[in-house]
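Undergrad: Here it is: the structure, laid out below.
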Amino acid sequence: MPSLFHSLQTRDLGHLRIVAQFWGIELAAGERKAALKELSERLVNAELANELLETLPNDAQHAIQTLAQNGGKLAWSTFERHFGVIREAGPGKRDREQLHLNPISAAEILFYRALVARAFFETENGPQEFAYMPNDLLPFIKHEAHKAEHKVFGRLARPEERTEIIPANDFILDDLTTLLAALRTGQDESSYTLDTSRRFVRDLGLAARLIGNEGGLQRDTVKTHLEQSRAEAFAQLREIWRESDTFNELHQVPSILCEGEWKNQVLETRDKLLGFVNALPKGKWWHLNSFIADIKTYNPDFQRIAGDYDAWFIRSREDETSLHGFEHWDEVEGALIRYFVTRVLFWLGFVDLARGADGETKAFLVKEEKPVPARSNDQREARSRRTASSETRSSTTPALHFDSAQRLKERGKILVSSNGLMTVERYAPRAVRYQLARFGEWVKSKNPHEFKYQITTASLEKALTQGLKVTHLVALLAKNSETKIPPSLGKALRRWEVNGTEARVRHVTVLRLTKPDDLEALRKSKAGRFLGAVLNPTTVEVREGASKKVLAALIEMGILVEDEREA
């Protein structure tokens with residue numbers, strides 16, 4: 001940005017004296033050029049700057065903080081929308097009406113103190129007009145921006161806004177195991193359910209390099225992840241999320257669609273949102289809506305470069321309405337903050353949630369900070385290669401805190417029934433569940449803390465194509481199941497391994513007549529080729545898709561048919 005000297009060089013002597021008056025200094029020079037040089041040199045003073053900033057009204061301080069948080073400049077249209085206009089006036093009108101003593105906006109207050117100027121700067125889209133702070137004054141303002149980063153937004157939640165408490169958990173580990181097993185076996189997404197969301201889990205798997213860009217598994221990484229303890233794996237996922245520049249929370253917000261080639265600043269936005277959350281008192285229930293409303297008031301442009309609300313192509317998922325412009329802040333920024341707190345931070349164990357009597361999530365509680373579990377040497381070495389900015393980001397991340405009973409509860413049961421249904425409790429070893437899932441078909445369970453898989457000939461054949469054998473399944477169950485394998489199931493598995501499928505079940509259409517002669521006549525007719533096996537003298541199978549032709553042939557024979565399938 002231009003310096004103070006360049007920002008003031010077009011101003012008349014009267015304007016320079018007004019600036020000096022507000023800064024509490026008396027100009028010795030009586031000529032404009034000399035006064036400009038004297039003023040621009042004397043104002044670059046930290047003590048004077050701090051004294052001036054302390055005298056500013058709240059709205060002007062907010063404007064200064066916003067500029068500082070955005071690198072010292074903001075698109076003029078955005079700055080004017082938030083902080084008001086600066087009236088155009090020549091020296092005569094200014095002095096006659098004393099505009100500087102009767103400002104109509106925060107922008108005008110800063111203008112007459114030389115804290116804000118206006119100029120065109122080159123951008124990717126060509127020249128654009130900006131409000132900016134002179135670059136030699138910017139260092140004195142940074143402490144104000146730092147204070148704003150830690151401003152406490154919102155208010156405490158009232159008792160009626162936290163009638164139902166939802167504690168944080170580590171269920172993302174189980175969802176990730178489910179997704180990895182589904183990808184390994186080629187299961188359709190509709191065949192299984194998750195506690196979190198498919199997009200969130202998949203993006204986290206990509207960031208952790210468990211899933212490749214083409215959707216395949218990184219098997220060595222998957223093996224390492226599944227063999228870690230829950231505490232180690234969870235801490236590692238949180239660290240990966242914290243530093244990932246590919247995990248894009250904005251694109252995950254379920255109510256919006258992000259389209260086009262534009263890019264948002266993922267890490268910078270995450271930093272800002274975590275800064276807002278970290279400023280809140282730990283262990284206190286905080287009102288969600290007031291938290292979002294205060295961010296809109298005091299730091300609305302937290303994810304927008306230069307406050308540009310027209311560069312991103314975002315639509316409402318519900319009605320495909322375009323969400324351009326600041327008027328859609330609640331539907332984009334507001335929705336992002338809500339998703340970040342009630343989904344991302346909750347799923348990663350950083351906050352507890354609370355619902356009101358109407359069932360809506362009303363409040364959240366930032367958990368007390370505790371040390372993150374120690375990492376391996378490889379992780380430490382990888383950490384040492386990260387940038388200084390990554391170090392800063394990690395130091396501001398809230399740490400996980402679960403009670404020891406929950407953290408150590410990793411010995412869930414595995415049960416198998418005589419009909420081949422395998423039931424795996426949530427806290428059973430994840431690596432074992434991943435392997436068992438490859439031998440069975442997913443079965444939805446009414447109990448959210450257990451997973452069910454049904455052994456079928458189709459699932460065994462699929463496992464066989466992946467190099468797995470029945471002996472592997474038997475060994476897994478023998479080692480990990482709470483009870484012995486039922487003898488009947490063991491026998492069925494051994495027979496299948498030797499003989500393959502020995503029994504089949506299928507849907508068939510059966511035609512039943514009252515007289516054997518009618519069946520015989522039908523078999524000899526042109527429709528006879530549509531008949532299958534004869535089950536008894538009056539009953540026969542009808543080939544798939546041939547029912548209408550057989551019914552037509554019977555009518556030609558003078559026989560009307562009652563279709564019990566319709567009944």
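Undergrad: I'd like to know if the stretch 193-204 contains one or more residues that are over 20 Å from THR342 (Cα atoms) and in the same structural domain as PHE346 (by TED's automatic domain parsing).
TA: Residues of the stretch 193-204 that are over 20 Å from THR342 (Cα atoms), as a first pass: none.
There is no residue in the stretch 193-204 that is over 20 Å from THR342 (Cα atoms) and in the same structural domain as PHE346 (by TED's automatic domain parsing).
Undergrad: Looking at (1) within 19 Å of PRO134 (Cα to Cα); (2) surrounded by 14 or more Cβ atoms within 10 Å (Cβ to Cβ), which is the one condition that is false for GLU54?
TA: (2)
Undergrad: Name the pairs: first residue in the stretch 523-534 and in the same structural domain as ALA552 (by TED's automatic domain parsing) and crowded, with 16+ Cβ neighbours inside 10 Å, second residue among the charged types (D, E, K, R) and assigned to a helix (DSSP H, G or I), Cβ to Cβ under 8 Å, at least 6 apart or on different chains?
TA: ALA527/LYS549; PHE530/LYS549; LEU531/ARG523
Undergrad: Being over 16 Å from PRO448 (Cα atoms) and surrounded by fewer than 17 Cβ atoms within 10 Å (Cβ to Cβ) is the filter here, so list the residues in the stretch 183-204 that pass it. Step through it out loud before you land on a result.
TA: Of the residues in the stretch 183-204, the ones over 16 Å from PRO448 (Cα atoms) are 183-190, 198-204.
Within the stretch 183-204, GLY186, ASP188, GLU189, SER190, ARG198, ARG199 qualify.
Undergrad: With the condition kept exactly as written, say whether any residue in the stretch 491-500 is of a type in the set (Gly, Ala, Ser), over 30 Å from TYR427 (Cβ atoms), over 59 Å from the mean Cα position of the chain (by Cα) and outside any strand (DSSP E or B). Steps first, answer last, please.
TA: If we filter the stretch 491-500 for residues that are of a type in the set (Gly, Ala, Ser), which is where we start, we get 492, 500.
Narrowing the set further to residues that are over 30 Å from TYR427 (Cβ atoms) leaves 500.
Then keep just the ones that are over 59 Å from the mean Cα position of the chain (by Cα); that gives none.
Checking the stretch 491-500: not a single residue is of a type in the set (Gly, Ala, Ser), over 30 Å from TYR427 (Cβ atoms), over 59 Å from the mean Cα position of the chain (by Cα) and outside any strand (DSSP E or B).
Undergrad: On to the next question. With the condition being closer than 19 Å to GLU425 by Cα, I'd like the helices (runs of 4 or more DSSP H) fully within the stretch 163-260 carrying at least 2 qualifying residues. Please lay out each step first, then the result.
TA: On the way: elements: 172-185, 198-207, 219-227, 230-243, 249-252.
Hits in the stretch 163-260: 172-185, 219-227, 230-243.
Undergrad: Do you know which residues across the stretch 547-567 are closer than 16 Å to ARG512 by Cβ and part of a loop (DSSP other than H, G, I, E, B)? Spell out the reasoning first.
TA: Initial filter on the stretch 547-567 (closer than 16 Å to ARG512 by Cβ): 547, 550-551, 553-554, 557, 559-567.
Answer for the stretch 547-567, where residues must be closer than 16 Å to ARG512 by Cβ and part of a loop (DSSP other than H, G, I, E, B): MET557, ILE559, LEU560, VAL561, GLU562, ASP563, GLU564, ARG565, GLU566, ALA567.
Undergrad: Quick one: in the stretch 240-271, which of the residues that are surrounded by 18 or more Cβ atoms within 10 Å (Cβ to Cβ) and basic (Lys, Arg) is nearest to GLY307 (Cα to Cα)?
TA: Restricting to residues being surrounded by 18 or more Cβ atoms within 10 Å (Cβ to Cβ) and basic (Lys, Arg), the top hit is ARG270.
Undergrad: Right, here's the next one. Looking only at helices (runs of 4 or more DSSP H) that lie completely in the stretch 1-85, which have at least 3 residues being of a type in the set (A, V, I, L, M) and at negative phi? Full working, then the answer.
TA: Details: elements: 4-8, 13-23, 32-42, 46-55, 58-69, 76-83.
Ranges flagged: 13-23, 32-42, 46-55, 58-69.
Undergrad: As an exercise: evaluate GLY154 against (1) in a helix (DSSP H, G or I); (2) on the phi > 0 side of the Ramachandran plot and give the number of the one condition it does not meet.
TA: So the condition that GLY154 fails would be (1).
Undergrad: With the checklist (1) under 30 Å from ALA157 (Cβ atoms); (2) loosely packed, with under 14 Cβ neighbours inside 10 Å; (3) within 17 Å of the chain's Cα centre (by Cα); (4) charged (D, E, K, R) in hand, flag the one item LYS282 doesn't pass.
TA: It is condition (3) that LYS282 fails.
Undergrad: Would you mention how many residues in the stretch 285-300 are under 19 Å from the mean Cα position of the chain (by Cα) and of a type in the set (D, E, K, R)?
TA: Qualifying residue count, the stretch 285-300: 0.
Undergrad: Still on this structure, please answer the following. Quickly run through the stretch 265-299 and pick out the residues that are farther than 19 Å from LEU67 by Cα and not in a helix (DSSP H, G or I).
TA: ALA279, LEU280, PRO281, LYS282, GLY283, LYS284, TRP285, TRP286, HIS287
Undergrad: Also: Could you count how many residues in the stretch 57-98 are of a type in the set (Asp, Glu), under 14 Å from PHE111 (Cα atoms) and exposed (fewer than 14 other Cβ atoms within 10 Å of the Cβ)? Give the derivation first.
TA: Let us first name the residues in the stretch 57-98 that are of a type in the set (Asp, Glu), namely 59, 80, 88, 95, 97.
Going one step further and asking which of them are under 14 Å from PHE111 (Cα atoms), we end up with 59, 80, 88.
Those left that are additionally exposed (fewer than 14 other Cβ atoms within 10 Å of the Cβ): 88.
Of the residues in the stretch 57-98, 1 are of a type in the set (Asp, Glu), under 14 Å from PHE111 (Cα atoms) and exposed (fewer than 14 other Cβ atoms within 10 Å of the Cβ).
The values are calculated or read from the model by the stated rules, or taken from the named source; none is laboratory data. Note that the structure is a prediction, hence the values are computed from the model and not measured. Neighbour counts are summed over all protein chains in view; Cβ atoms, including those assigned to glycine, are modelled from backbone coordinates with ideal geometry.
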